[in-house]
Amino acid sequence: MTTETKTPSRLLIVGPPGAGKGTQAERIVEALGVPAISTGDIFRANVSQETELGVLAKSYMDRGEYVPDSVTNDMVRDRLAQDDAKDGFLLDGYPRTLAQVDALDGMLKDLGTELDCVIELVVDHEAVVQRLLERGKQQGRSDDNEETIRRRLEVYTEQTTPLIEVYTERGLVKTVDGSAAIDEVTAEIMKALGR
Ligand code: AMP
């Protein structure tokens, strides 16, 4: 009997700011046909529409701090319940704290499902400072200035790296070198996904 390995469809991509999560997420969702759910993008859309959520989120984002879990969790719960996420999704930038991991576990349990793969992008932190300063110049993102970038890296190390351990214990993590050229990183991810 041949054992067929199914391509994961409920994924998370994690890595420090500037690791290329957004760029790789776009390519992965195109290949897998699942929606990308980026909490950063949802917050930025709210900031530009000047919604109540956007005004609140901006006050944290501009300082490089995380938006409170209560706000973020509710937003993701609503998004995951939408029809297009029924058969799969790629979470980008969520969960980012251990409390968010618990919240996500609960949401997925309620939906009768669970995560099946975590892609970890590893990059040198000094290299991402340079990448993000460049992005700041090109895209004008207000959180891409040196002070905020350094704070985001600190917060990532303190609050987000513990998650990787949790998911490693669950046997879900595929680690990919995010410092290679964009196409090479994509190829490594696809290989890790068995594509
Ligand atoms: P990103 O685009 O993923 O780098 O996110 C930009 C900013 O949005 C972060 O620096 C946080 O301020 C906020 N943010 C995005 N995702 C989360 C999350 N899961 N929890 C808390 N804050 C978040």
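The values are calculated or read from the model by the stated rules, or taken from the named source; none is laboratory data. What you see is a predicted model; the values in this text were computed from it and never measured. As a convention, Cβ positions derive from the backbone with ideal geometry for all residues, glycine included, and neighbour counts pool all protein chains shown.
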Inset, instruction - Check region 161-176 and report whether any residue there is farther than 30 Å from D74 by Cβ, surrounded by 14 or more Cβ atoms within 10 Å (Cβ to Cβ), out of contact with any Pro (no Cβ under 7 Å at 6 or more places or on another chain) and in contact (Cβ under 8 Å) with a residue 24 or more places away in the chain. - result: yes
Inset, instruction - For A57, indicate whether it is within 12 Å of the ligand (Cβ to nearest atom), within 18 Å of the chain's Cα centre (by Cα), farther than 19 Å from R141 by Cα and in contact (Cβ under 8 Å) with a residue 12 or more places away in the chain. - result: no
Inset, instruction - Inspect region 51-66 for any residue being out of contact with any Lys or Arg (no Cβ under 6 Å at 6 or more places or on another chain), among the basic types (K, R) and more than 25 Å from L108 (Cα to Cα) and give the result as yes or no. - result: yes
Legend entry - Qualifying positions in region 36-73 - under 21 Å from G88 (Cα atoms) and surrounded by 15 or more Cβ atoms within 10 Å (Cβ to Cβ): A36, I37, S38, T39, G40, I42, T72, N73
Inset, instruction - List every residue pair whose Cβ atoms lie under 6 Å apart, where the two residues are 6 or more positions apart in sequence or sit on different chains, the first residue falls within region 85-97 and is under 29 Å from V155 (Cα atoms), and the second residue, located anywhere, is in a strand (DSSP E or B) and within 7 Å of the ligand (Cβ to nearest atom). - result: D92/S38; G93/S38
Inset, instruction - Within region 13-69, track down each residue that is touching an Asp or Glu at 6+ places or on another chain (Cβ under 8 Å) and not in a helix (DSSP H, G or I). - result: I13, V14, G15, V34, P35, A36, I37, S38, D62, G64
Legend entry - Selection from region 74-84 of residues that are surrounded by 15 or more Cβ atoms within 10 Å (Cβ to Cβ) and either at pLDDT below 95 or away from the ligand (no atom under 12 Å from the Cβ) (or both): R77, L80
Legend entry - Sole residue being within 12 Å of the ligand (Cβ to nearest atom) and at pLDDT 95 or above, chosen from T97, T161, T168: T97
